[in-house]
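Engineer: Following this message is one structure expressed as structure tokens.
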Amino acid sequence: MEGTPRVNRTRSATLVALFAIVTAACGALLTDQQRQYALQAGLSAGTTSNGATSTNGGITGTGTAPGSKGKTGTPIAAGPGSSAGGSTTGGGGGGPSGGVGTGTSQQAQNNGGSTDTGVTSNSINIATVYDGTGPEPGIFNAAFQATEAAAAYANSQGGIFGRQIHVDALDDQTNTGGNRAATEQACQKDFAIVGSMSAFDDGGPPVIEQCGIPDIPAITITPQHQLEKGVHPAYPNRPDYFIQAYPNYIKKTYPSVIKHAGILWLNASAASSNATARMKAYEHAGFKWIYKQQVQITEPNYAPYVAAMRQAGVQYVTMVGDYQSIARLNQAMQQQAWFPQVRDWDSVVYDQGFLSLAGPSANGSLFYMDTSMIEEASKNKEMQLYLYWLNKTCANCHPTYFGEYAWSAARLFFQAAAAVGANLTRPALYAQLSKIHSWTDFGLHAAQDPGSDMPSPCIMYGKIANGKFVRVYPSSGFSCSLGGLLHQ
């Protein structure tokens, strides 16, 4: 009918983009801002672009970020902690004024000059490809903000063998064509692509394979990027592996609930496939699903689903969806004065917006993730470093889950480049990255394997108590003893 909004059709299509970031291995969804983009944009992965835009977002897009020209100090030759990026339980990294290198002035003066594309005797150009403009501007600004913050920190320590880091922030306009164009631009000008985050990151891999530019994204999103030959992400988000520690923690801690499990998921193709993968992995751990329910994306009333779970005897519930939907589910439970023994959510709920929306109904919920908690920054030097330099280079910017991994990707690049030495080339960097198989960014997150493009089996669990996020397990760092990766 003319004039009738095509709400369900449009939203179902665009949620494919939103849920592209979610895999059974990941457990991370988009934030509220990103969700609104996915619901409203109506984009498809085939949208074309007339090219990439270098943007500054209030910082310096193609030059050195504010604060990054600091003192001429000791050039970075190796990061703090072990050569693999520190232990899984944290530590290392130095505080806001901590040093990061053991290079010498002579190395800085005799660094070989222009050794490859984007490298001169006094600078290294790197690119960050991100979703900046489009129907919802700035959905992944956190990627380049964190990368520029990390570059500012590195430059304050003297750079890498005397070379200052310059970040080209390339906006791919939130579509595949733009992603390809931005990657082509980076290939011509920049030494490496670092800290990238794009909902449509499937445009770049063919270009990357052809031109040989090192690719160190924050988190890979589409299968084309996740399985790209030679990609070395800070978080290797794979579509074909599931972290078994999640169901095993519940099985160990609440053994009586696993035979009375319920799951809900939103009506979108990727959400459905991820729910199927989650159910399969949990069944492998001994779970029995007595309640399985698909929910419409715009469902405002969760009361019937709560009543059905109560009648079925559900004692454990999880959901594949955004935090707004999970908040509505919690509110419906509170209205009926019934909660299952265990409510288990992924890292999508680790957002102040969820606490505000769900209110007291969220109390008692569990959540899992693979990054350090911002609330524990006083105990985590690397988190302090990230927060300090983010604030220094962008006072109005906020730390995010995606920002943490973009910062980590930059730190991974710095460490690998320093290990290569003064004669910095793309092949040499690729070779060095392939050797790094336990990267925690000095305790910022669980130990990932960027060298082999494999995710970490290590996790942490938290709960919501009195409207706050608090740690539950382990007492610090991450647990790596609850199972490995299930290939699906």
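The values are calculated or read from the model by the stated rules, or taken from the named source; none is laboratory data. Given the structure is predicted, the values throughout are model-derived calculations rather than measurements. For neighbour counting, all protein chains shown are included, and Cβ atoms are generated from backbone atoms with ideal geometry for every residue, glycine included. Surface areas here come from the heavy atoms of the whole protein model, side chains and all, with no ligands, DNA or RNA. Shrake-Rupley method; radii C 1.70, N 1.55, O 1.52, S 1.80 Å.
Engineer: Can you tell me which residues in region 317-343 are in contact with a helix residue (DSSP H, G or I) (Cβ under 9 Å, 6 or more places away or on another chain), of a type in the set (S, T, N, Q) and modelled with pLDDT under 95?
Structural biologist: The answer is Q324, and nothing else.
Engineer: Scan V317, V306, V348 and give me the residue that is among the β-branched types (V, I, T) and touching a strand residue (DSSP E or B) at 6+ places or on another chain (Cβ under 7 Å).
Structural biologist: V317
Engineer: Could you tell me whether any residue of region 124-136 is hydrophobic (A, V, I, L, M, F, W, C), touching a Cys at 6+ places or on another chain (Cβ under 8 Å) and either within 18 Å of V231 (Cα to Cα) or without any contact (Cβ under 8 Å) to a residue 24 or more places away in the chain (or both)?
Structural biologist: Scanning region 124-136 turns up no residue that is hydrophobic (A, V, I, L, M, F, W, C), touching a Cys at 6+ places or on another chain (Cβ under 8 Å) and either within 18 Å of V231 (Cα to Cα) or without any contact (Cβ under 8 Å) to a residue 24 or more places away in the chain (or both).
Engineer: Follow-up question, since we're still on this one. When residues of region 427-448 are filtered for being touching a residue at least 40 places away in the same chain (Cβ under 8 Å) and not in a loop (DSSP other than H, G, I, E, B), how many remain?
Structural biologist: Within region 427-448, residues that are touching a residue at least 40 places away in the same chain (Cβ under 8 Å) and not in a loop (DSSP other than H, G, I, E, B) number 7.
Engineer: Mind checking which pairs have a first residue in region 299-314 that is without any contact (Cβ under 8 Å) to a residue 24 or more places away in the chain and a second that is open to solvent by 40 Å² or more (accessible area, probe 1.4 Å), Cβ under 8 Å, 6 or more apart or different chains?
Structural biologist: What qualifies is A308/Q293.
Engineer: Among the residues of region 282-292, which ones are surrounded by fewer than 17 Cβ atoms within 10 Å (Cβ to Cβ) and either of a type in the set (G, A, S) or farther than 21 Å from Y249 by Cβ (or both)?
Structural biologist: The answer is G286, K292.
Engineer: So which of P247, P223 is modelled with pLDDT under 95 and under 26 Å from H487 (Cβ atoms)?
Structural biologist: P223
Engineer: Considering only residues that are buried (at least 17 other Cβ atoms within 10 Å of the Cβ) and in a strand (DSSP E or B), which ones fall in region 449-484?
Structural biologist: Within region 449-484, D449, I459, M460, Y461, G462, K463, I464, F469, Y473, S479 qualify.
Engineer: Okay, next question. Quick one: would you say A150 is outside any loop (DSSP other than H, G, I, E, B), open to solvent by 10 Å² or more (accessible area, probe 1.4 Å) and hydrophobic (A, V, I, L, M, F, W, C)?
Structural biologist: The answer is no for A150.
Engineer: What's the number of the condition G403 fails, among (1) at pLDDT 95 or above; (2) of a type outside the set (K, R); (3) within 24 Å of F367 (Cβ to Cβ)?
Structural biologist: Just one mismatch for G403, condition (1).
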